[in-house]
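**Q** Attaching a single structure in structure tokens format; questions to follow.
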Amino acid sequence: QKKTVTPPSNNGVKLESFIFDVFPLSTKMAIFEVERKYEFGPVKNAPGTQSDSPDTARSMLSAIAKRWLQDAGAKLIGDLESDKCEIGPLT
């Protein structure tokens, strides 16, 4: 018979690490300050959420590709807000 069991206290372990955890172990370290919108698109939430999701990371990469093309003189057409743009790594 199936039955939901509710433990009286937390009984799980969350296994996760952060980049900051390795700082004490390093012999040489450098930190770069960058603009988040160009350099940091974390994916830690499910698709469809408003932040740090595959959707927001894809939109950030698309915005960067559009900017690169426009900076190079390209004229983009279409719905620039919703259409995605990608530049292949071998281009």
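The values are calculated or read from the model by the stated rules, or taken from the named source; none is laboratory data. It should be emphasised that the depicted structure is a prediction, and the values quoted were computed from it without experimental measurement. Positions of Cβ are backbone-derived with ideal geometry, glycine not excepted, and every protein chain shown enters the neighbour counts. Side chains included, ligands, DNA and RNA excluded: accessible areas come from the protein's heavy atoms. Shrake-Rupley method; radii C 1.70, N 1.55, O 1.52, S 1.80 Å.
Here's the yes/no breakdown for (1) closer than 26 Å to Phe18 by Cα; (2) open to solvent by 60 Å² or more (accessible area, probe 1.4 Å); (3) modelled with pLDDT of 90 or more; (4) assigned to a helix (DSSP H, G or I):
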| position | (1), (2), (3), (4) |
| --- | --- |
| Lys37 | yes, yes, no, yes |
| Gly41 | yes, no, no, no |
| Asn45 | yes, yes, yes, no |
| Thr49 | yes, no, yes, no |
| Leu76 | no, no, yes, no |
| Asp79 | no, yes, no, no |
| Leu90 | no, yes, no, no |
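**Q** Still on this structure, I have one more. Any idea which residue in region 59-74 is farthest from Ile19 (Cα to Cα), counting only those that are open to solvent by less than 70 Å² (accessible area, probe 1.4 Å) and in a helix (DSSP H, G or I)?
**A** Quick first cut of region 59-74, residues open to solvent by less than 70 Å² (accessible area, probe 1.4 Å) only: 59-60, 62-66, 69, 73-74.
The next check asks that each one be in a helix (DSSP H, G or I); those that pass are 59-60, 62-66, 69.
On the way: Ser59: 24, Met60: 22, Ser62: 26, Ala63: 26, Ile64: 25, Ala65: 27, Lys66: 30, Leu69: 32 Å.
Top of the filtered list is Leu69.
**Q** Which condition breaks for Val22 when tested against (1) more than 18 Å from Asp83 (Cα to Cα); (2) out of contact with any Pro (no Cβ under 7 Å at 6 or more places or on another chain); (3) modelled with pLDDT of 90 or more; (4) surrounded by 10 or more Cβ atoms within 10 Å (Cβ to Cβ)?
**A** (3)
**Q** Shifting gears a bit: Please find, among Thr56, Thr27, Thr6, the residue that is modelled with pLDDT of 90 or more, among the hydroxyl-bearing types (Ser, Thr, Tyr) and open to solvent by less than 70 Å² (accessible area, probe 1.4 Å).
**A** Values: Thr27 fails: open to solvent by less than 70 Å² (accessible area, probe 1.4 Å); Thr6 fails: open to solvent by less than 70 Å² (accessible area, probe 1.4 Å).
Exactly one of Thr56, Thr27, Thr6 is modelled with pLDDT of 90 or more, among the hydroxyl-bearing types (Ser, Thr, Tyr) and open to solvent by less than 70 Å² (accessible area, probe 1.4 Å), namely Thr56.
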